[in-house]
1. Pull up the stretch B:60-75, narrow it to residues that are away from chain A (no Cβ under 13 Å) and farther than 20 Å from A:ARG66 by Cα, then point me to the one that is nearest to the chain's Cα centre (by Cα).
2. Could you say which residue among B:ALA123, B:ALA95 is facing chain A (nearest Cβ under 10 Å), in contact (Cβ under 8 Å) with a residue 60 or more places away in the chain and either farther than 29 Å from B:GLY195 by Cβ or of a type in the set (Ser, Thr, Tyr) (or both)?
3. Can you pull out the residues in the stretch B:323-341 that are modelled with pLDDT of 95 or more, crowded, with 19+ Cβ neighbours inside 10 Å and either of a type outside the set (A, V, I, L, M, F, W, C) or touching a Lys or Arg at 6+ places or on another chain (Cβ under 9 Å) (or both)?
4. Being in a loop (DSSP other than H, G, I, E, B), closer than 26 Å to B:ASP457 by Cβ and hydroxyl-bearing (Ser, Thr, Tyr) is the filter; apply it to the stretch B:1-59 and report the residue that is farthest from the other protein chains (Cβ to nearest Cβ).
5. Do you know which residues across the stretch B:322-366 are farther than 17 Å from B:LEU275 by Cα, in a helix (DSSP H, G or I) and more than 10 Å from every other protein chain (Cβ to nearest Cβ)?
6. Right, B:SER211: in the same structural domain as B:GLY124 (by TED's automatic domain parsing), assigned to a strand (DSSP E or B) and within 29 Å of B:GLU359 (Cα to Cα) or not?
7. Please identify the pairs in which a residue from the stretch B:288-315 that is closer than 23 Å to B:GLY192 by Cβ has its Cβ atom under 9 Å from the Cβ atom of a residue that is among the basic types (Lys, Arg) and not in a strand (DSSP E or B), counting only partners at least 6 apart or on another chain.
8. Test B:ARG185 against the stated conditions and say whether it is closer than 20 Å to B:LEU320 by Cα and of a type in the set (D, E, K, R).
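The values are calculated or read from the model by the stated rules, or taken from the named source; none is laboratory data. Computed from a predicted model, the values in this text were never measured in an experiment. When we count neighbours, we look across all protein chains shown, and the Cβ atoms used for this are built from the backbone with ideal geometry, even at glycine.
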Amino acid sequence: MPVEDTSTKRHIHLRDRVQKPAKPIGPDDSSDDGDGPKRPKVDKPETEELLRRMRRVDKDQSRRYRQRTGE
Amino acid sequence: MNRLIGIETEYGITLNTEKECDPVRESIELIKSYRREDFRPMWDYKGEDPFRDERGFRADTLHEHPDEADYQSMDQQHPESFVEIKSDLILTNGARLYNDHAHPEYSTAECQNLFDLIAHDKAGERILQQCADRRSQKLNKDVILYKNNTDYKGHSYGCHDNYLMRRDIPFDYLKESLIPFLVTRQIFAGAGKLGIESEKGMISPGSYQISQRADFFQVEASVDTMHKRPIFNTRDEPHADPQKYRRLHGIAGDANMSEYSTALKVGSTALVIDLIELRLIPDNFAVIEPTEAIKEISRDQTCRWQFRLKDGKTTTAIDLQRQYLELAKQHLDPNNGETDWILAEWEAILNQLEQEPMELVDRIDWVAKKWLLTTFVEEEGIKWDDPWLQSLALQYHDIDPENGLYYALEMQGSMRRVVTDDQINHAIHNPPKDTRAYFRGKSIDKFTNQMESVQWDHVTFNLNGKVVSVNMNKLADPEIAEKYNRVLDQAQTVEELINKLDIE
């Protein structure tokens, strides 16, 4: 995602406050048709590209990752 | 809600090499990469006092993580002065970017509007990623930044939400009213963590919990932030008129990637502070052993989130949050700012958490992360304590949109957003118009060569050899802020600015 270089920043016309988003549509609440736990009725993210990105993750990066304590 | 709010985030930093990197060195160099050519150190450290406790005393010492003793000789080898190590930058959007101990920290401009704050929080990510890209090019190695709260080895770092509030609310009432909310807020504000740890290190690697920070709280209230952490932090640095205001310095929250999570976390907290200022929180919300309850809720695999109150009753996090929500619906004006959005979303989230939490995969960080990890476990047939899975949990927080797993979800349209990329890009260089951040940021933009020093509550100019300070304490009042900002916009010179503000 391109980010403006501070040395060549554009002067952006000042805008009003960020407006709150429109009221979102609620989740599908159609009734269940049987006993026992059901798969949630929600549009799940597409998995193919996600899995590709996850497989590229270095398996050892968490082992190597060490930080100093902050606040 | 109608108060100044802000977020300070410490980022994790590393390089993609086998060798361990010095995060202090990398953090210094990262911040330096964002300097303008005319950079001069200007942050005014006088008046900063993290030892001052709002209960009316000054702590003798601040506790440090035991591991810090191992780093003393390494720290002494850094040739830079204190000021150079801090590398403080005051940005034209009113924010502060600096090295806080061993983490790049971005403190947003003060905002009056909730969605301005979300845009500014995300602008911080963009700015830091730009720094990482520049530094990576120079090093010929990848600099990686994580917006999270742990290294899974017992070292935590913070994402602090800040709220300017009335000083005259009695401390004990404030603490007892807010702690139950903070203990239970994680059910929608938690960023999720794979593993249970303590400050000594990982205890149970394969257990998923909903909060990153819950493991690290050991006391109810104190001025500490780095060891023996409190749920309620008592640091007394209002950066405003100390007779009128306190700055509620919230250290209990997780660093959220989801814009929606951040908005609901901060928005609901701001409304609870409104209720506290109206003295509407009853005393029967008090939690027994809150440092235990916050961990039990985080680690509860059933998502029932039960715990006990001081009056002996058992309740759930959802029920207690509902009680806060009902008070807010009953007593607060929904037409005040973003209150209507916060009330509607708070209610919708609690209802959904009660029915089926995993339906919130498009809004809540801990749910989205758990869904990703579950999907990978099922696909690859690995176990939950496989180190690869913890690496994926960490990768959720990589702020590089090309690599981070949160951003993979966002880019395919799977995450509900509350601001646009245009709004975030605008916030990278532009302060909110309606707070004192505008005065700070635009002063840097227009008159940097004549500025002597900057703090949250004042800016100091050099006017023909005379040092003139503009005290911004009064600018916590939006009307006064607007007046000062208007004068600044119209002033062609510092002299004209000072004259029109009638400052001696």
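1. We begin by selecting, within the stretch B:60-75, every residue away from chain A (no Cβ under 13 Å); these are B:60-61, B:73.
Okay, now just the ones that are also farther than 20 Å from A:ARG66 by Cα, so B:60-61.
On the way: B:ASP60: 26, B:THR61: 24 Å.
Once the filter is applied, the top-ranked residue is B:THR61.
2. On the way: B:ALA95 fails: facing chain A (nearest Cβ under 10 Å).
Every option except B:ALA123 fails the conditions.
3. Scanning the stretch B:323-341 gives B:TYR324, B:GLU338, B:THR339, B:TRP341.
4. To start, the set of residues in the stretch B:1-59 that are in a loop (DSSP other than H, G, I, E, B) comprises B:1-4, B:11, B:16-22, B:33-42, B:44-51, B:54-56, B:59.
Filter again for closer than 26 Å to B:ASP457 by Cβ, leaving B:1-4, B:11, B:34-36, B:38-42, B:44-51, B:54-56, B:59.
If we keep only those that are hydroxyl-bearing (Ser, Thr, Tyr) as well, we get B:11, B:34, B:45.
Numbers: B:TYR11: 9, B:TYR34: 7, B:TYR45: 16 Å.
Only one residue tops the list, namely B:TYR45.
5. B:ILE349, B:LEU350, B:LEU353, B:GLU354, B:ASP365, B:TRP366 - these are the residues of the stretch B:322-366 that are farther than 17 Å from B:LEU275 by Cα, in a helix (DSSP H, G or I) and more than 10 Å from every other protein chain (Cβ to nearest Cβ).
6. Values: in the same structural domain as B:GLY124 (by TED's automatic domain parsing): yes; assigned to a strand (DSSP E or B): no; within 29 Å of B:GLU359 (Cα to Cα): yes.
No.
7. Listed by first residue and then by second, the contacts come to B:ILE294/B:ARG213; B:SER298/B:ARG213.
8. Yes; evaluated as a whole, the condition is true for this residue.
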